[in-house]
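Let me begin by presenting the structure, written as structure tokens, before commenting on it.
The values are calculated or read from the model by the stated rules, or taken from the named source; none is laboratory data. From a predicted model like this one, the values you see are computed outputs, not experimental measurements. A quick note on method: Cβ atoms are made from the backbone with ideal geometry, for glycine too, and the neighbour counts reach across all protein chains shown. Just the protein is used for accessible areas: all its heavy atoms, side chains included, with ligands, DNA and RNA removed. Shrake-Rupley method; radii C 1.70, N 1.55, O 1.52, S 1.80 Å.
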Amino acid sequence: MKVEKHELGELIEKIMNETPIIDVHTHIFDKSFGSLLLWGIDELLVYHYLVAEAMRYTDMPYEKFWSMSKREQADFIWKTLFIDRTPISEATRGVLTVLEELGLEVYERRLDSYRNYFENQDVSNYIDTVFKKANIKYVVMTNDPFVDAERKVWENGHEKDERFKSALRIDPLLVKWPATYLKLKEWGYDVTEKLTEKTLEEIKRFLNDWIDKMDPLYMAASLPPTLKVPSNNETSIIIEKAIVEVSRERDIPFAMMIGVKKLTNPELILAGDSVGKANIESLEYLAKTYPHNKFIITMLSRENQHELVVAARKFRNIHIFGCWWFLNNPSIIEELTRERIEMLGWGFTVQHSDARVLDQVMYKWKHSKEIIKNVLIEKYSQILDDGWNVSEEEMRRDMKTLFGGEFEEFLNRKF
Ligand code: RAT
Ligand code: ZN
């Protein structure tokens, strides 16, 4: 049935809310990972996006903040960003949205009663509640074998929850090889700091072993704006001579998250990373040189976004996903979504949550959907004005594509 222009807003909202989401990049875990799964009000408040904001309003030495307990840090952030000031930034507004979604009394501003609510939740039920409220089909975790606590879970075996798929995260292999090779050695891989044939074979064996253990949807790394491939540095050699090969042999895409300047302010620790513009040519080189490899890409700098879309038009082995980190703000989500639809149609994944705290998926998706809805109203209206018609079923198909369908097509895996 033909959709009329005046129906668009309501219909898009309805279809969007009924479309189960595939959240292609998060930092949350299923219950079997124990304390690695973060949830609740204190975790929400000490989110590093908020730490960065709060520390701007104080003279407190950074070490003092880090030496406080989590609860004290949360108290400090609550007072600084929510009581002494109006919580208007995207990350502060996110906390309000979470409380509102849970039916708590946001206007009361009672941290003690919010704490009380979370203390009375059972984690399994709470995961169900959050997934239901955000209408998430599954999330992709960030699974890092270089994190001791996480490696143990994989090595000891754990009960799988199908709503949590894995992604093999390998940053240390690419950005800290002189320290990482020692770890690999300790774990029984016959590697040397020099990237000999043998060492590259052993890196591949390491990747294959972890692929067998995790069954990841993709391998991933966060990479600096200085990334240069090809070149004779370790990062480039390991990408071309190990990762690209394993990625192709196992048909597991390589996700590159490019543009992070690590520890620009080291005192802020996790909150201290910044952004830099990268050179798109490394990606173009990889996509062109390895046409049978798949690359899943997000870039951090706003200045890289237009050329990234152009690169994806040129190479069908590039899949763009989400508005990452400093781009995950309404004004930029709007701009990027419009730009991507205008040049790629439906051929990308519109957003990911990057949630570090389970509860955050509720706000990240709610806020993004508000923006995406408006962009879609505009875009569908334009083709209706041209005389095209579109049915509700077609709109459902389109929405599914944007919220994870195209990602599964690209992976060639359906869940
Ligand atoms: O957005 C974030 O929380 C960052 O700290 C990073 O985790 C980034 O998303 C990443 O995956 O490296
Ligand atoms: Zn992330």
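Every residue in segment 392-415 that is touching a residue at least 12 places away in the same chain (Cβ under 8 Å) and more than 17 Å from Gly345 (Cα to Cα), please.
Those that are touching a residue at least 12 places away in the same chain (Cβ under 8 Å) and more than 17 Å from Gly345 (Cα to Cα): Glu392, Leu411, Asn412, Arg413, Phe415.
Might you check whether a residue that is outside any helix (DSSP H, G or I), of a type in the set (Ser, Thr, Tyr) and surrounded by 15 or more Cβ atoms within 10 Å (Cβ to Cβ) occurs anywhere in segment 112-134?
no
Which residues, taken from segment 187-217, are open to solvent by 10 Å² or more (accessible area, probe 1.4 Å) and within 16 Å of ligand 1 (Cβ to nearest atom)?
none
Just to be sure before I move on: is Pro145 at pLDDT 95 or above and surrounded by 22 or more Cβ atoms within 10 Å (Cβ to Cβ) in the structure I sent?
In short, yes.
Looking only at segment 49-94, count every residue that is open to solvent by 30 Å² or more (accessible area, probe 1.4 Å), small (Gly, Ala, Ser) and closer than 17 Å to Tyr363 by Cβ and tell me the total.
The qualifying residues number 1.
Of all residues in segment 350-398, which are more than 21 Å from Phe131 (Cβ to Cβ), aromatic (Phe, Trp, Tyr) and either within 16 Å of ligand 1 (Cβ to nearest atom) or open to solvent by 60 Å² or more (accessible area, probe 1.4 Å) (or both)?
Scanning segment 350-398 gives a single hit, Trp388.
In segment 276-328, what count of residues is obtained for those that are outside any helix (DSSP H, G or I), within 19 Å of Ile252 (Cα to Cα) and more than 16 Å from ligand 2 (Cβ to nearest atom)?
Final tally of qualifying residues: 11.
Please state which one of Ile211, Ile238, Ile243, Ile252 is under 30 Å from Lys160 (Cβ atoms), more than 16 Å from ligand 2 (Cβ to nearest atom) and assigned to a loop (DSSP other than H, G, I, E, B).
Ile252
Please tell me if Gly34 is more than 16 Å from ligand 1 (Cβ to nearest atom), part of a helix (DSSP H, G or I) and touching a residue at least 40 places away in the same chain (Cβ under 8 Å).
So Gly34 fits the description; yes.
Assuming Trp66 fulfils every condition listed in (1) within 16 Å of ligand 2 (Cβ to nearest atom); (2) among the aromatic types (Phe, Trp, Tyr); (3) more than 30 Å from Leu217 (Cβ to Cβ) apart from one, which condition is it?
(1)
Step by step: first the residues of segment 16-31, then only those that are in a loop (DSSP other than H, G, I, E, B) and open to solvent by 30 Å² or more (accessible area, probe 1.4 Å), then the one that is farthest from ligand 1 (Cβ to nearest atom). Which residue is that?
Pro20
Checking the structure you have, find out if any residue of segment 256-272 is within 30 Å of Lys31 (Cβ to Cβ), surrounded by fewer than 18 Cβ atoms within 10 Å (Cβ to Cβ) and within 16 Å of ligand 2 (Cβ to nearest atom).
The answer is yes, given that some residue of segment 256-272 is within 30 Å of Lys31 (Cβ to Cβ), surrounded by fewer than 18 Cβ atoms within 10 Å (Cβ to Cβ) and within 16 Å of ligand 2 (Cβ to nearest atom).
For Ser231, state whether it is of a type in the set (S, T, N, Q), more than 19 Å from the chain's Cα centre (by Cα) and assigned to a helix (DSSP H, G or I).
no
Between residues in segment 305-332 that are over 28 Å from Arg93 (Cβ atoms) and open to solvent by 50 Å² or more (accessible area, probe 1.4 Å) and residues that are within 16 Å of ligand 2 (Cβ to nearest atom) and of a type in the set (Ser, Thr, Tyr), which pairs lie under 8 Å by C-beta distance while being six or more apart or on different chains?
none
Just checking, how many residues over segment 111-150 are within 16 Å of ligand 2 (Cβ to nearest atom) and not polar (S, T, N, Q)?
7
(1) without any contact (Cβ under 8 Å) to a residue 60 or more places away in the chain; (2) β-branched (Val, Ile, Thr); (3) within 13 Å of ligand 1 (Cβ to nearest atom); (4) out of contact with any Leu (no Cβ under 6 Å at 6 or more places or on another chain): which one isn't true of Ile296, the others all being true?
(1)
Regarding segment 175-184, can at least one residue be identified that is part of a helix (DSSP H, G or I) and within 16 Å of ligand 2 (Cβ to nearest atom)?
The answer is yes, given that some residue of segment 175-184 is part of a helix (DSSP H, G or I) and within 16 Å of ligand 2 (Cβ to nearest atom).
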